[in-house]
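So the structure is just underneath, and the comments pick up after that.
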Amino acid sequence: MEGVGALVQKIEKLAEDLPASVLENDNLRRRLREASKNLSIAAQTPSDTVHLIAYSTLYSSMARVGVDTKLFEVVSKSVEPISSEQAAEATGVDPILMKRFLRFYASFSWVKEVGENQFMANNVTKALCPPLSTGIEFFNTVLNPPFAALPEYLKSHDYKNPTNPVDSPWQMGYNTKDHPFVWLQSNLKHFQLFMTWLPMEREGLPLWLDVFPFEQEVAQNTTDDTVLFVDVGSALGSQSVMLREKHPSLKGKVIIQDQQHVIAAFQQMDRPDIEAQVYDFLTPQPVKGARAYYLRNILHDHQDGQCREILRNQISAMADDSVILIDDIVLPETGARWRATMADMNMMSALAARERSKKEVFALLESVGLKVVKVWEYAVETGDSIIVARRG
Ligand SMILES: C[S@@+](CC[C@H](N)C(=O)[O-])C[C@H]1O[C@@H](n2cnc3c(N)ncnc32)[C@H](O)[C@@H]1O
């Protein structure tokens, strides 16, 4: 027992002061995070477990309160420990309320309590500041209604796998009959949060262009007239912008395509090196013979039947040297990670859609006559991968 006591003491010390060498080594950091999470779960009493899970919606609400009041920013900017009165003054929150907030945040290590009524920022406080705090606003505003509707939806649909994007937890949560991508067109605040969050969603993870040798695989012998890259369902084109910035000397056109309201928002940005087109991917692709048709986070928004329609529409425009690049999470057959399984539940709740395993995505591509050439996994954390496919 004495040995275990000493080990616990070591873990407590490590949690107080994690060496930078661990944080800098991504693999070690991830292993430590997962091991300590599993250790924490193993040490829970049944009552701990129930309270932690049952209260989980309160985390999202309390995170939102700290973001809205800018409390996390105030604490993060302060070089000295800050009291609840100072934080109340800086944020305009009632001092009694602020004391209660800070006590809550400190008990969950969202801020560090360094003395009586003295608080400092830690890594969590800083993460909950802009720009990443958009994630809190996005999930809290846009996805909480379908997440909250999920149990009732599933019960009322006899626990059948959701497959109808106009009869999903989204419609129950928002009391609408509209498809989410239609609904977003008339709900500006939600649409803006969606567009702002999309490029940040994978913040801190490796990027596909870090791993995928774009020039070698796609961009050999191009000229200014070559259509190099068509970003289908691009949103505001974050990946096309990244392609231009990482490969500034590549010759050829980069085109983004999305719905009318999305392209209108892109046109406010000053990117003369990227062409923008309104295009409905449920209709034949109008840009013929591009080197690459790139679909990031598109197939996971749709059921197989609609994916086949989208893919066939791209195939109809492909030339012999064209490839389709699918950029999506690929679930492993065992041991899927929490970032990927959460994304899967998210797709189910919002769009009656799904993340897919390698077998499932290969079968889908083969069913429309595409041949998978290679798969490049580029983010271990999520299983995000580039799947290169050619006409069979
Ligand atoms: C999950 S987002 C992915 C955006 C982008 N590829 C990314 O990964 O950041 C799906 C995108 O598909 C677009 N979209 C939905 N339905 C569409 C359609 N029928 N035709 C073209 N784009 C569509 C949405 O507006 C949205 O920008």
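Laboratory data are not the source of any read-out in this text; all were calculated from the coordinates shown. Note that this is a predicted model, so its numbers are computed, not measured. Glycine gets a Cβ as well: all are built from the backbone with ideal geometry, and neighbour counts include every protein chain shown.
Some notes on this structure:
- In degrees, nearest ten, helix 304-315 long axis to first principal axis of the chain (Cα): 50 degrees
- Two-decimal Rg/Rh across the stretch 208-391, once Rg and the Kirkwood Rh are taken from alpha-carbon atoms: 0.94
- Near Lys77: Cβ cut-off under 11 Å, other residues only, Lys/Arg at +1 and Asp/Glu at -1. The net charge is 0.
- Theoretical gain in end-to-end length, Asp304 to Thr334 [0.36 nm per residue, Cα-Cα removed]: 8.6 nm
- By other beta-carbon atoms within 10 Å, ranking Arg64, Arg33 with the fewest at the front produces Arg33, Arg64.
- Ranked by the mean number of other Cβ atoms within 10 Å of their residues, highest first, the peptides 324-336, 148-160, 347-359 come out as 347-359, 324-336, 148-160.
- Residue order for Glu85, Glu80, Glu113, fewest other beta carbons within 10 angstrom first, comes to Glu80, Glu85, Glu113.
- Every helix of 4 or more DSSP H residues in the chain counts as -39500 (n - 2.57), and over all residues that averages to -14000 deg cm²/dmol at 222 nm.
- Based on C-alpha pairs under 8 angstrom that are at least 6 apart in sequence, the chain has a relative contact order of 12 percent.
- Sorted ascending by nearby beta carbons within 10 Å, beginning with the fewest, Arg29, Arg296, Arg308 become Arg29, Arg308, Arg296.
- The magnitude of the dipole of the stretch 55-129, with charges of +1 and -1 set on the Cβ of Lys/Arg and Asp/Glu and taken from the Cα centre, is near 240 debye.
- In plain terms, if you count all Cα to Cα distances in the chain and split them into 10 Å steps from zero, the share in each step is 4, 19, 28, 25, 16, 7, 1, 0 percent.
- Cα-centred dipole magnitude for the stretch 1-40, charges only on beta-carbon of K, R (+1) and D, E (-1), debye, nearest 20: 180 debye
- Here's the picture: charge each Lys and Arg Cβ at +1 and each Asp and Glu Cβ at -1 in the stretch 236-351, and of Ile324, His261, Asn297 the one pushed furthest to the positive end of that dipole is Ile324.
- The C-alpha atoms of the chain define a longest principal axis, and helix 2-16 lies at about 70 degrees to it.
- To the nearest ten degrees, helix 358-367 and the longest principal axis of the Cα atoms of the chain are 20 degrees apart.
- Net charge dipole, the chain: roughly 460 debye, given to the nearest 20, about the Cα centre with Cβ charges of +1 for Lys and Arg and -1 for Asp and Glu.
- The count of lysine pairs in the stretch 33-161 with alpha-carbon distances below 29 Å, taking only pairs 8 or more places apart or on different chains, stands at 14.
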